[in-house]
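The values are calculated or read from the model by the stated rules, or taken from the named source; none is laboratory data. For clarity, every value in this text was computed on a predicted model and none was experimentally measured. Methodologically, a virtual Cβ is constructed for each residue, glycine included, from the backbone with ideal geometry; neighbour enumeration extends over all protein chains shown. Ligands, DNA and RNA are excluded from the accessible area calculation, which covers all protein heavy atoms including side chains. Shrake-Rupley method; radii C 1.70, N 1.55, O 1.52, S 1.80 Å.
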Amino acid sequence: MDSFYGTALRLQDYLRLRHVLLRTCTSSALMHHPDLLLSNPPSLSEPLRCRADELLSRIVRANYNTQFARTAPELTEFRDAITGRVDGVDGHIISESFRKTVHLTTYDSYAPFLVGFFEKPCKASAIVNMFAPGLPDYLCESSSTSGGQAKIFPKYNRLSKVRSSDAGSSAGSNTLRKRTAATIWYFGCDQMTVENEDNSTVAKIYLAPGSVVGQRTHLNLDPEKDGEKMGTFVLDHAAPYAVGFIKKWRSFLLVHVLFVVTSKSLETMTMIFISTFVDMIRLLNVEFDMMVDCIANGTIPALDGIAEVRHYLELNISADPERAADLCRLGRLSSRAGWCGHVWPNLQSVNAIASGSFASSVPLAQWFLGPNAAIHALVYGATEADVAWPYNPLQLNQFKLIDGTSIEFLDISKDDSISSLAQVVSTPREMRLLADSAHWDSGKLRWEGDTKS
């Protein structure tokens with residue numbers, strides 16, 4: 001289902017990229033990636049423009065009959081421009097009308113339409129078809145980078161993809177599988193019920209950070225089946241699923257690293273930010289003796305906030321005195337550079353956001369890793385929407401825009417108005433995309449979206 005925020009949109013889809021530049025590198029691309037074009041040749045510009053028009057018009061058509069689209073004052077000019085209908089209107093007219101009449105907005109334009117989600121009881125009639133057709137699967141809270149009170153972004157059509165996927169039934173695996181991957185990720189979410197007029201429950205909506213929703217969707221993890229997986233290892237992960245539900249940060253990292261250290265065959269680690277890897281390794285250094293003792297005896301340490309999952313953790317840890325002895329011979333990681341390479345000789349990469357402000361953690365992370373494991377860029381994203389994937393993972397600041405998402409750029413040398421917006425097809429030669437939330441104006445939103453929501 002095509003959907004996007006606001007009138008056919010979902011707030012996540014109205015990402016306003018501000019103080020943002022598209023990075024073009026002068027150095028040769030690594031890993032045999034083609035050299036980047038510094039400008040679009042005429043043979044590509046027109047097809048790209050047509051594709052952008054078609055995408056935007058498709059998003060509008062799919063979501064035009066929503067509560068926000070039909071009633072939001074900010075869309076009055078747009079509704080007038082297309083005479084209140086999209087059926088039978090040429091796609092180019094729809095996209096051009098959108099670009100000329102839909103002004104930049106702030107979160108305040110959308111907040112009144114979210115009130116119904118938090119009414120008690122929450123009635124389906126009040127929230128159905130609000131920002132996209134149907135009901136959302138998730139309500140995502142923005143992170144602290146937004147400043148002030150958290151913003152809410154409904155996410156549609158996530159669980160239907162998970163529940164219709166064959167991979168969903170195989171996400172859990174037994175404890176005998178080779179544990180080659182460490183995913184240091186939180187999976188917890190709360191839930192709210194949606195009722196009909198007769199007070200019967202018609203749906204559940206889950207509340208979670210955007211990172212939780214993204215990873216759950218990626219791994220085909222249905223919240224309704226969490227209980228079945230708590231004592232299992234998702235795919236080939238090194239720690240049992242239950243570790244992802246520990247809310248205390250210190251305990252979350254220590255239990256993860258306890259299981260990760262016991263896995264000699266580890267090949268990759270994945271987390272949201274590279275600073276998480278640094279925090280985890282530093283904690284291991286501080287609690288090294290305790291970790292070695294737990295590995296030697298097959299015990300789970302007494303940590304805050306793990307009571308609810310301790311049973312599942314204890315089922316999956318066993319004494320490994322040989323591994324403990326190996327660690328003792330190596331000594332604390334603070335004693336040598338490249339410690340991680342000795343603990344995990346097969347480790348190839350740590351995948352995380354490592355650009356923008358998070359680049360400050362890269363030197364220390366690489367010192368821990370040594371020369372044989374690399375840091376790979378993960379994503380350029382926000383709670384509103386994912387924006388770009390790495391073009392070359394080894395280039396931590398180099399990204400390619402996600403296909404199927406309508407994104408515009410705002411020239412930071414001009415005023416905040418639609419006349420200053422540029423389409424991807426006319427991206428200035430020297431624009432760079434910096435993965436630093438400080439370079440975004442998350443308050444400036446545009447009525448747009450993607451085809452994946």
Long-range neighbours under 7 Å by Cβ, at least six apart or interchain, first residue surrounded by fewer than 16 Cβ atoms within 10 Å (Cβ to Cβ) within the stretch 315-326, second in a helix (DSSP H, G or I): Ala319/Ala296; Ala319/Asn297; Pro321/Ala296
Give Glu54, Glu77 a once-over and let me know the one that is at pLDDT 70 or above, of a type in the set (D, E, K, R), under 20 Å from Lys100 (Cα atoms) and in contact with a Gly (Cβ under 6 Å, 6 or more places away or on another chain). Glu54
1 or more residues basic (Lys, Arg): qualifying helices (runs of 4 or more DSSP H) within the stretch 238-348: 249-262, 274-286, 310-315, 321-330
Residue list for the stretch 353-386, restricted to those being part of a helix (DSSP H, G or I) and either of a type in the set (Phe, Trp, Tyr) or under 30 Å from Leu330 (Cα atoms) (or both): Phe358, Ala359, Ser360, Ser361, Val362, Pro363, Leu364, Ala365, Gln366, Trp367, Phe368, Leu369
Would you please list the contacts, defined by Cβ atoms under 7 Å and residues six or more apart or on different chains, that run from a residue in the stretch 83-95 that is of a type outside the set (A, V, I, L, M) to a residue that is surrounded by 14 or more Cβ atoms within 10 Å (Cβ to Cβ)? Gly91/Asp53; Gly91/Glu54; Gly91/Ser57; His92/Asp53; Ser95/Asp53; Ser95/Leu56; Ser95/Ser57
Those residues of the stretch 230-270 which are more than 24 Å from Asn297 (Cα to Cα), open to solvent by less than 30 Å² (accessible area, probe 1.4 Å) and either of a type in the set (Asp, Glu) or modelled with pLDDT under 95 (or both) amount to Val234
Close pairs (7 angstrom Cβ cut-off, 6 or more residues apart or separate chains): aromatic (Phe, Trp, Tyr) in the stretch 404-432, modelled with pLDDT under 80 and not in a strand (DSSP E or B) anywhere: Phe409/Val20; Phe409/Thr427; Phe409/Met431
Residues located in the stretch 412-437, provided they are modelled with pLDDT under 80, surrounded by fewer than 16 Cβ atoms within 10 Å (Cβ to Cβ) and over 30 Å from Ser275 (Cβ atoms): Ala422, Ser426, Pro428, Arg429
Go through (1) under 22 Å from Val362 (Cα atoms); (2) buried (at least 21 other Cβ atoms within 10 Å of the Cβ) and name the single condition Val309 misses. (1)
Considering each of Val202, Val194, Val213, Val162 in turn, give the residue that is hydrophobic (A, V, I, L, M, F, W, C), modelled with pLDDT of 90 or more and not in a strand (DSSP E or B). Val213
Answer yes or no: is there a residue in the stretch 186-202 that is among the aromatic types (Phe, Trp, Tyr), open to solvent by 40 Å² or more (accessible area, probe 1.4 Å) and closer than 26 Å to Val379 by Cβ. yes
How many residues are assigned to a loop (DSSP other than H, G, I, E, B) and among the hydrophobic types (A, V, I, L, M, F, W, C) when one looks only at the stretch 387-401? 2
Might you check whether a residue that is β-branched (Val, Ile, Thr) and assigned to a helix (DSSP H, G or I) occurs anywhere in the stretch 416-424? yes
Give me the pairs: first residue in the stretch 48-63 and under 21 Å from Gly134 (Cβ atoms), second residue of a type in the set (Phe, Trp, Tyr) and open to solvent by less than 40 Å² (accessible area, probe 1.4 Å), beta-carbon distance under 6 Å, and six or more apart or on different chains, which are they? Ile59/Phe4; Asn63/Phe4
Restricting attention to the stretch 125-138, does a residue exist that is in a helix (DSSP H, G or I), surrounded by 17 or more Cβ atoms within 10 Å (Cβ to Cβ) and at pLDDT 90 or above? yes
Identify, please: which residue in the stretch 327-359 is polar (S, T, N, Q) and in contact (Cβ under 8 Å) with a residue 12 or more places away in the chain and is, among those, most open to solvent (accessible area, probe 1.4 Å)? Gln348
